[in-house]
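So the structure is just underneath, and the comments pick up after that.
The values are calculated or read from the model by the stated rules, or taken from the named source; none is laboratory data. All figures in this text were calculated on a predicted structure; none of them were measured in a lab. Glycine also receives a Cβ, built like all others from the backbone with ideal geometry; neighbour counts cover every protein chain displayed.
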Amino acid sequence: MSLNSKGISMDIIDAVNLLYTRSSQNLSSNNPVSELVTPEWHYSDSFQILDNTQINWDNLGEFDLIKTMIDSLEKATQPDTIVGTEFERSFCSWYQPYHYLPRQKWGVHLRYDSWMRVAALFYHSCPSTVGRKLDSMKSAFLYLYVHELFHNSVENAASVMELLLGKSHIYTKYYSDVYSNAFNSSKCIEEALSNGYLFFWAEECHIDRDFLKDELLKQGPGYHDFIQYSGGSSNFSKGNRILLCQIRYGNLNPTTYDPIEQLIDISDPIRYSSVYNVPVWLHRKPKPVH
Ligand SMILES: [Zn+2]
């Protein structure tokens, strides 16, 4: 590959394509995300938001959609708790990996109504945003987005392994053999770490840390286990090491734990977002199921 970069995410995707072509392998169209997220939402119409916009606290406030959403915030159903807005588990947001076809909509997917509900909760109850509509909308966006960004960082780490080892299917094997089987259980370390990443960078999202901790602890198996990998960056690194070895060996309980945790980019989500430009898709209505 040349040094003419199209941006790091596109470069990684091109390199993964080339690896698959050279090893005469096809990208899989058997996308397991559609089995984790209900088809009503997974296959519903979505449109890209914030494209060509640098995502940061100030820029989010300039975004027209957020300005119009503020008007509905007062009327939005206010959940008592963040439970029910648990990312993939409640089909509120999910990450579509670029390792599967069709690839047009790889990236972070968010549901409009879930975003509103989290915003309503933050508006009424989160000490850092209470009574402030715009801030509540922005923090609610970051709450969903930052968790999903971590899933992109994990896929990128798997891609780096594939490229260095010259071996395709490391990510897809992990996804079907480890992640999908462990999903919704305390063994799902990728979900624990995605919440761990969100919790680690709570201040960047303007979400009160104690409030976030209490809310994330009420979430389901896997998700609430973020606490095991919080409390110091060494715990988080340890979790990343376990996850990366699960990916490398395609095994929930690998026999070797290589110190390769640096492969996951855990830099602050605002910086991460400016480097990787992960597309964001918004879903307004479920697709009717016949
Ligand atoms: Zn997740």
Inspect all residues belonging to the range 252-259 and state whether any of them is buried (at least 21 other Cβ atoms within 10 Å of the Cβ) and within 30 Å of Leu165 (Cβ to Cβ).
no
Might you let me know whether the range 101-112 holds any residue that is over 21 Å from Arg284 (Cβ atoms) and within 15 Å of the ligand (Cβ to nearest atom)?
no
How do the pairs read when you match residues in the range 59-75 that are under 16 Å from Ser139 (Cα atoms) with residues anywhere that are of a type in the set (D, E, K, R) and part of a helix (DSSP H, G or I), using Cβ under 7 Å and keeping only pairs 6 or more apart or on different chains?
Leu60/Lys138; Gly61/Lys138; Ile66/Lys138; Ile70/Lys133; Leu73/Lys133
Residues that are at negative phi and away from the ligand (no atom under 16 Å from the Cβ): find the helices (runs of 4 or more DSSP H) completely inside the range 144-261 holding 3 or more of those.
170-174, 209-217, 233-249
All positions within the range 70-100 that are hydrophobic (A, V, I, L, M, F, W, C), within 12 Å of the ligand (Cβ to nearest atom) and under 13 Å from Gln219 (Cβ atoms)
Phe87, Cys92
Of Leu121, Leu110, Leu27, the only residue that is farther than 24 Å from Asn277 by Cα and touching a residue at least 24 places away in the same chain (Cβ under 8 Å) is Leu121
Long-range neighbours under 6 Å by Cβ, at least six apart or interchain, first residue in a strand (DSSP E or B) within the range 86-99, second within 9 Å of the ligand (Cβ to nearest atom) and at pLDDT below 95
Ser93/Phe87; Trp94/Glu88
List the pairs whose first member sits in the range 257-274 and is acidic (Asp, Glu), whose second member is assigned to a loop (DSSP other than H, G, I, E, B), and whose Cβ atoms are under 8 Å apart, counting only residues at least 6 apart or on separate chains?
Asp268/Trp201
Any chance the range 39-46 includes a residue that's within 25 Å of Pro286 (Cα to Cα), in contact with a Phe, Trp or Tyr (Cβ under 8 Å, 6 or more places away or on another chain) and in a loop (DSSP other than H, G, I, E, B)?
no
Given (1) over 24 Å from Ile12 (Cβ atoms); (2) touching a Phe, Trp or Tyr at 6+ places or on another chain (Cβ under 7 Å), Gln219 misses just (2)
